[in-house]
Amino acid sequence: DAGVIQSPRHEVTEMGQEVTLRCKPISGHNSLFWYRQTMMRGLELLIYFNNNVPIDDSGMPEDRFSAKMPNASFSTLKIQPSEPRDSAVYFCASTPGTTYGYTFGSGTRLTVV
Amino acid sequence: KQEVTQIPAALSVPEGENLVLNCSFTDSAIYNLQWFRQDPGKGLTSLLLIQSSQREQTSGRLNASLDKSSGRSTLYIAASQPGDSATYLCAGSGGSYIPTFGRGTSLIVHP
């Protein structure tokens, strides 16, 4: 199994541009999570999907952030327009059920200049 | 809402020492607790997963315990090595099944 796959690994963009981060969960995992990690705030949950349906998006910072999961094998996190304070590492994680724990992707390091 | 705290925030030890990392959580109705390792600039690697019905889990030199009544988990690392240098994070999952992370313990093991 290739694990949770995130792309791109690094993204540098100018303020105001649209950014799309991608995640492919492990096949058979029915729950997917997007986290953001910064030095100041640590790991913060942004949104949680179960069976492709958003269950908890209370962590999404503001309307500039949106996430979709059109099918069981793909999810996107979009920021439009991006701002310098969005610079962080964004992680995707998946699980087949809490009994099995959570598997994280390698993350996308986003820099907004 | 589950809150997770890790103490100490940073730790520096000489090689060979046995050490304990602490994780405390506020909601005793925890479903499971998972310990991760994160190397600089890298993702999170799962180390140990303890279900609420379990008291401890072991993998090699690592042993993790869970005490729901006191709201605590500990990660014990035996005979530490420089390769153990990393940040160690714990995450607790409650009734919402969403893992809440502590801020981590940054460990340096020097030769």
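Backbone geometry of region A:101-113 corresponds, through the Karplus equation with coefficients 6.51, -1.76 and 1.60 at θ = phi - 60°, to 3J(HN,Hα) couplings of x, 10, 10, 9, x, 7, x, 10, 8, 9, 10, 10, 10 Hz, x marking Gly and Pro.
Taking a straight Cα-Cα cut-off under 20 Å and skipping sequence neighbours fewer than 8 places away in the same chain, the aspartates and glutamates within cross-link reach of B:LYS42 are A:ASP1, A:GLU11, A:GLU44, A:ASP86, B:ASP84. When Rg and Dmax are taken over the Cα atoms of the protein assembly as shown, they come to 17.5, 51 Å. Would you mind giving the average projected area, over all directions, of the Cα convex hull of chain A in nm² with one decimal? That works out to 6.6 nm², a quarter of the Cα hull's surface. Taking 25 Å as the straight-line reach from the Cα of B:LYS68, the lysines in range (excluding those fewer than 8 positions away in the same chain) are B:LYS1. Just checking the listed ones, A:SER94, A:SER82, A:SER58: in the Gaussian network model of chain A with Cα springs under 10 Å, the one fluctuating most is A:SER58. Across region A:21-28, coupling constants 3J(HN,Hα) worked out from phi with the 6.51/-1.76/1.60 Karplus curve, θ = phi - 60°, read 9, 10, 8, 10, x, 5, 4, x Hz, and Gly and Pro carry x.
Per-residue 3J(HN,Hα) values for region B:81-92, derived from phi via the Karplus relation 6.51 cos²θ - 1.76 cosθ + 1.60 with θ = phi - 60°, read 10, x, x, 7, 4, 4, 9, 10, 10, 10, 9, x Hz in sequence order (x marks Gly and Pro). Taking a cut-off of 22 Å between Cα atoms, list the lysines near A:LYS68, but don't count ones fewer than 8 places away on the same chain. Filter leaves A:LYS24, A:LYS78. What's the long-distance tail for chain B, i.e. % of Cα pairs beyond 21 Å? Above the 21 Å cut-off, chain B has 30 percent of its Cα pairs. Per-residue Cβ neighbour counts within 10 Å put A:ILE5, B:ILE7 in the sequence B:ILE7, A:ILE5, beginning with the fewest.
Neighbour counting of Cβ atoms within 10 Å sorts the residues A:ARG85, B:ARG61, fewest neighbours leading, into A:ARG85, B:ARG61.
Every number in this text was worked out from the coordinates using simple rules, so none of it is lab data. Predicted model, so just to flag it, every value in this text is computed and none were measured. FYI the Cβ positions are ideal-geometry reconstructions off the backbone, even for glycines, and counts take in every protein chain you see.
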